[in-house]
1. I need the full set of residues from the range 46-84 which are β-branched (Val, Ile, Thr), modelled with pLDDT of 95 or more and either assigned to a loop (DSSP other than H, G, I, E, B) or on the phi > 0 side of the Ramachandran plot (or both), in order please.
2. Tell me, which residue of the range 95-115 that is touching a Lys or Arg at 6+ places or on another chain (Cβ under 9 Å) and within 13 Å of VAL12 (Cβ to Cβ) is modelled with the lowest pLDDT?
3. Could you check the range 61-90 and list, in sequence order, the residues that are closer than 19 Å to GLU6 by Cβ, touching a strand residue (DSSP E or B) at 6+ places or on another chain (Cβ under 8 Å) and surrounded by fewer than 18 Cβ atoms within 10 Å (Cβ to Cβ)?
4. Quick one: in the range 10-40, of everything that is under 11 Å from GLY106 (Cβ atoms) and either part of a loop (DSSP other than H, G, I, E, B) or hydrophobic (A, V, I, L, M, F, W, C) (or both), which residue is farthest from the chain's Cα centre (by Cα)?
5. Here are some residues: TRP105, TRP36. Which one is buried (at least 20 other Cβ atoms within 10 Å of the Cβ), of a type outside the set (A, V, I, L, M) and closer than 25 Å to GLN1 by Cα?
6. Can you tell me which condition LYS43 does not meet? The list is (1) in a strand (DSSP E or B); (2) over 25 Å from VAL2 (Cα atoms); (3) open to solvent by 80 Å² or more (accessible area, probe 1.4 Å), and all the others hold.
7. So the check is Cβ under 7 Å with 6+ separation or different chains; which pairs have a first residue in the range 47-76 that's under 19 Å from GLY108 (Cα atoms) and a second one that's assigned to a helix (DSSP H, G or I) and open to solvent by 60 Å² or more (accessible area, probe 1.4 Å)?
8. Can you tell me which residues in the range 46-60 are open to solvent by 30 Å² or more (accessible area, probe 1.4 Å) and among the β-branched types (Val, Ile, Thr)?
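The values are calculated or read from the model by the stated rules, or taken from the named source; none is laboratory data. On a predicted model such as this, the values are computed, not experimentally measured, just so you know. Using ideal geometry, Cβ is built from the backbone for each residue, glycine included, and neighbour counts are taken over all protein chains shown. Note: areas computed on protein heavy atoms with side chains; ligands, DNA, RNA excluded. Shrake-Rupley method; radii C 1.70, N 1.55, O 1.52, S 1.80 Å.
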Amino acid sequence: QVQLVESGGGLVQAGGSLRLSCAASGTTFSIGNMGWYRQAPGKQRELVALVSSGGITIFYTDSVKGRFTISRDNAKKSVYLQMNSLKPEDTAVYYCWINYSKDYWGQGTQVTVSS
């Protein structure tokens, strides 16, 4: 059974940094694309960043370009999101996502940025 375990969320002041981590377990062959989504209160879930199986960044949403960096470690079956210069509008629940024949989601980790 594939599971995704996230860590690294929390409360930070505007301008601060956080690093989210997500580790997959239960996989037996290579994981495809990996990414991070977020959902703020009252808003739809949106794609934040996406990285290919080869480690090439495919996508950043415009609002995080230049501030967030996605990376992955295939040996550890993990994906990371380094978030710098955080803004209050980055406050959301962040979800790890992988493509492994089908979509799998983490449980979500809360990121709160205070002004």
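1. In the first step, residues of the range 46-84 are kept if they are β-branched (Val, Ile, Thr); the result is 48, 51, 56-58, 61, 64, 69-70, 79.
With the extra rule that they be modelled with pLDDT of 95 or more, the set shrinks to 48, 51, 61, 64, 69-70, 79.
Within the range 46-84, THR61 is the sole residue that qualifies.
2. The qualifying residue modelled with the lowest pLDDT is SER115.
3. THR61, THR69, SER71, ASP73, LYS76, GLN82, ASN84
4. That would be ALA24.
5. Working: TRP105 fails: buried (at least 20 other Cβ atoms within 10 Å of the Cβ).
The conditions single out TRP36.
6. Every listed condition holds for LYS43 apart from (1).
7. none
8. Restricting attention to the range 46-60, the residues satisfying the condition of being open to solvent by 30 Å² or more (accessible area, probe 1.4 Å) are 46-47, 53-60.
Within the range 46-60, ILE56, THR57, ILE58 qualify.
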